1. Name the residue that is farthest from the chain's Cα centre (by Cα), counting only residues in segment 1-19 that are of a type in the set (D, E, K, R) and part of a helix (DSSP H, G or I).
2. Does segment 32-42 contain any residue that is of a type in the set (D, E, K, R), outside any helix (DSSP H, G or I) and either at pLDDT 85 or above or out of contact with any Asp or Glu (no Cβ under 6 Å at 6 or more places or on another chain) (or both)?
3. Can you report the number of residues in segment 27-82 which are surrounded by 13 or more Cβ atoms within 10 Å (Cβ to Cβ) and aromatic (F, W, Y)?
4. Among all residue pairs at least 6 apart or on different chains, which show Cβ distances below 9 Å where the first residue, located in segment 35-62, is free of Cβ contacts under 8 Å to residues at least 12 places away in the same chain and the second is loosely packed, with under 11 Cβ neighbours inside 10 Å and among the basic types (K, R)?
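The values are calculated or read from the model by the stated rules, or taken from the named source; none is laboratory data. Keep in mind it's a predicted model, so treat the numbers as computed, not measured. Here the Cβ positions follow ideal geometry from the backbone for every residue, glycine too, while neighbour counts run over all protein chains shown.
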Amino acid sequence: MDSQNSELVKQQVQAELANAYAQEFFTTVREKCFAKCITKPGPSLSSGEATCVSRCTDRYVDATRMISGVVLQAYSSGQGGV
């Protein structure tokens with residue numbers, strides 16, 4: 001396999017991993033925030049439920065950013081085995 005094909009395969013694998021991580025993230029957020037915020041499922045969200053889901057999702061996004069930053073910083077400083 002030449003280097004161009006190798007690079008293409010690497011990019012495809014990275015894209016698949018990114019997609020898998022995104023799916024896992026959204027599944028986790030959906031399950032956790034639903035369990036926390038939706039106490040009486042119905043045809044629509046109350047304003048309190050909508051606010052709770054929004055805040056819950058924001059917390060997961062912020063936490064993921066923070067963790068990703070720490071991992072990337074550790075990796076770039078040579079501590080790849082965090």
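1. The extreme case among them is E7.
2. Yes.
3. 2
4. Correct list of pairs: S46/K40.
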